[in-house]
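Reading through the structure tokens given below for one structure.
The values are calculated or read from the model by the stated rules, or taken from the named source; none is laboratory data. Since the model is a prediction, treat every value here as computed from it, not as a measurement. Every residue, glycine among them, receives a Cβ derived from its backbone with ideal geometry; neighbour counts consider all protein chains shown. The accessibility values were calculated without ligands, DNA or RNA, using every heavy atom of the protein model including side chains. Shrake-Rupley method; radii C 1.70, N 1.55, O 1.52, S 1.80 Å.
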Amino acid sequence: MEEGTSFLFAGVSFNRKKFAVDFSRFQKKKESEKTIEDLSFLEIAKPEAEQEEEEEEEPVVPVKKRKRKAEVSEPVEGISVFKTSKSAKAAKKEIEKPLIERSEQKKKLNKQLERDSLLRKDHNIHVSGNNIPSPLENFSELSSRYGCESYLLRNLAELGFKEPTPIQRQTIPVLLSGRECFACAPTGSGKTLAFVCPMLMKLKHASKDGIRAVILCPTRELADQTTRECKKMAKGNKFYIKLMTKELARNSDFSKRPCDILISTPLRLRLAIRKKKVDLSRVEYLVLDESDKLFELGLLKQIDSVVKACSNPSIIRSLFSATLPDFVEELARTIMHDAVRVIIGRKNTASKTIKQKLVFAGSEEGKLLALRQSFAESLNPPVLIFVQSKERAKELYGELLFENIRVSAIHSDLSQTQRENAVDDFRAGKTWVLIATDVIARGMDFKGVNCVINYDFPDSAAAYIHRIGRCGRAGRSGEAITFYTEADIPYLRNIANVMSASGCEVPSWAMALRKQKWKKHRPGRESISTQPKDEQESTNKKKKKDEQESTNKKKKRKMSKNRAIVGARELSLVDSSKT
Ligand SMILES: Nc1ncnc2c1ncn2[C@@H]1O[C@H](COP(=O)(O)OP(=O)(O)OP(=O)(O)O)[C@@H](O)[C@H]1O
């Protein structure tokens, strides 16, 4: 493929008008090839209704029928002409032998298929694709079926993982059989292990032959967490597992450092690709975690360049998320071959272990009052509070700090270290309340978060599912409270749908509201403050003035520093000309 062309949109910009004459020459040929193309397309892109069905297996002809069929077909072969002759009998026996063997095999296969479908039914696993491997009954099948090394089983046991979760049961065998897959399972259902475990098993041992696996995550926090999970699972086998930091992306030459598994955000990896710091041509496994986020417009170009750089023709790609909109599936199909689709439960639904509640707060002031009241009555830490912007995160942080609540905040204005500290303190229980923007809404695994509060209404149903999914993980229970004001009512129906799909009570009027498109909803909101409005205005003015002064000071400092550097350079030039 040419430099600069897009993998994900290959062919989209072809100007058919301009090349009409050339195009018509190829058109005929295409028509004649159409039947074959159509067939292969159908195999990959089945209609939605069909995909929701259980796995379609090749219809198996009953054993008796098959036997009869074989006998009937004998005359055609010309063997039964002399039925009584010894040689004919012997020949018949010879034919019957493999037939019996085959029918035994068929019987076995049928039994296996029955077992598979029962197991899938028990665990709410829905699959589609060709020849899908049997789901795992237990972790010990990893060694009996796939020769898993003991270190991995030991690590699973040490982590207290007794049984595979539904997504692990199906996607681990799929990936181990060298198939590509896209998988959708609720938040907190163990998707990370579902792709890390087969990756480690396939890579077998550490090597110095370049990067062999890449995991892409939409945020630095998630990339950091996934790196830690990978290392935990790899304990006892010295794999080179690296997290792509800003420093590494800019300055490190990966051809000189061993790396089996690289975990990165798309932005950093693209930077390293551009600077020619990484060679991804040997990558055997590419995982796009939180794939729907990665396929959003802002990140698509970066994903495109990573997919393009992973040029190994036998690469195995997989997509994982708790929400998988149709457009992502369609895009995924353009890059995947013979992929297996695995859905746990219903697509795009919230975890069933979360008790979800809607609270009408009336106004912005009402939200703060409601929050204070719920803290006074029943603060059950750890609590995660989501707001819609970093400014609002700072404002709410100020308000709660004032109340002597052990609180911290995380948003994109903080340095990397400050963000890490906020997450670590919350994990360690040093802070009880973490105020966050959507930067940590996806993938972050805070064990034991009891309650998620959507202080600001989420901007889409997907954002809602991921935000509240920070509680109620790994089978634990959790509570999600969503505040809404008049401005949010038109968008309430989307959330009400998610709530009702996971069995929560929803007011009937909310279900009767008109459906809205899944577009971003981020209305302008009054600032979060208990100060009277006129005081707020003067404080805001003062804040702005202070900010302006500090940026001016920074600018001045930078300019004088630059002048000093230029001066020093000139001096050294004069010095060297003297010598
Ligand atoms: N087989 C298992 N048995 C018990 N716990 C498990 C098992 N597999 C994973 N877990 C635990 O479940 C929790 C959630 O796992 P993980 O973070 O992979 O969820 P996820 O499906 O990726 O969630 P999200 O959609 O929010 O990213 C983690 O604490 C993990 O250690």
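Just one of the listed residues (GLY210, GLY160, GLY178) is at positive phi, open to solvent by 10 Å² or more (accessible area, probe 1.4 Å) and free of Cβ contacts under 8 Å to residues at least 12 places away in the same chain, and it is GLY160.
Tell me, yes or no, whether the range 184-199 has at least one residue that is closer than 20 Å to VAL306 by Cβ and at pLDDT below 95. Within the range 184-199 (the criterion being closer than 20 Å to VAL306 by Cβ and at pLDDT below 95), the answer is no, since none of the residues qualifies. Determine, yes or no, whether PRO198 is within 16 Å of the ligand (Cβ to nearest atom) and open to solvent by less than 10 Å² (accessible area, probe 1.4 Å). Yes; evaluated as a whole, the condition is true for this residue.
Let's see how each residue does on (1) among the small types (Gly, Ala, Ser); (2) crowded, with 23+ Cβ neighbours inside 10 Å:
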| residue | (1), (2) |
| --- | --- |
| VAL452 | no, yes |
| PHE457 | no, yes |
| ALA462 | yes, yes |
| HIS466 | no, yes |
| ARG470 | no, yes |
| ALA474 | yes, no |
| ALA487 | yes, no |
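Being open to solvent by less than 80 Å² (accessible area, probe 1.4 Å) and modelled with pLDDT under 95 is true of ASN130.
For the range 131-168, the tally of residues that are aromatic (Phe, Trp, Tyr), more than 11 Å from the ligand (Cβ to nearest atom) and closer than 15 Å to ALA194 by Cβ stands at 1.
Only strands (runs of 3 or more DSSP E) whose full extent lies in the range 363-468 are considered here, and the ones with at least 1 residues that are within 15 Å of the ligand (Cβ to nearest atom) and within 18 Å of GLY524 (Cβ to Cβ) are 383-386.
The rows are residues; the columns are (1) under 18 Å from ALA183 (Cα atoms); (2) in contact (Cβ under 8 Å) with a residue 40 or more places away in the chain.
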| residue | (1), (2) |
| --- | --- |
| ILE100 | no, no |
| LYS107 | no, yes |
| HIS123 | yes, yes |
| GLY129 | yes, yes |
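Within the option set LEU286, LEU324, being of a type in the set (A, V, I, L, M, F, W, C), open to solvent by less than 20 Å² (accessible area, probe 1.4 Å), within 16 Å of the ligand (Cβ to nearest atom) and touching a strand residue (DSSP E or B) at 6+ places or on another chain (Cβ under 7 Å) holds for one residue only, LEU324.
Across the range 181-195, the number of residues qualifying as open to solvent by 30 Å² or more (accessible area, probe 1.4 Å) and of a type in the set (Phe, Trp, Tyr) comes to 0.
When restricted to residues that are over 19 Å from LYS208 (Cβ atoms) and either assigned to a helix (DSSP H, G or I) or out of contact with any Cys (no Cβ under 7 Å at 6 or more places or on another chain) (or both), the range 256-283 contains 11. On inspection, LEU319 qualifies as in contact with a strand residue (DSSP E or B) (Cβ under 6 Å, 6 or more places away or on another chain), crowded, with 20+ Cβ neighbours inside 10 Å and at pLDDT 95 or above. The residues of the range 375-407 that are open to solvent by less than 30 Å² (accessible area, probe 1.4 Å), farther than 20 Å from ALA463 by Cβ and of a type outside the set (A, V, I, L, M, F, W, C) amount to a single one, GLU399.
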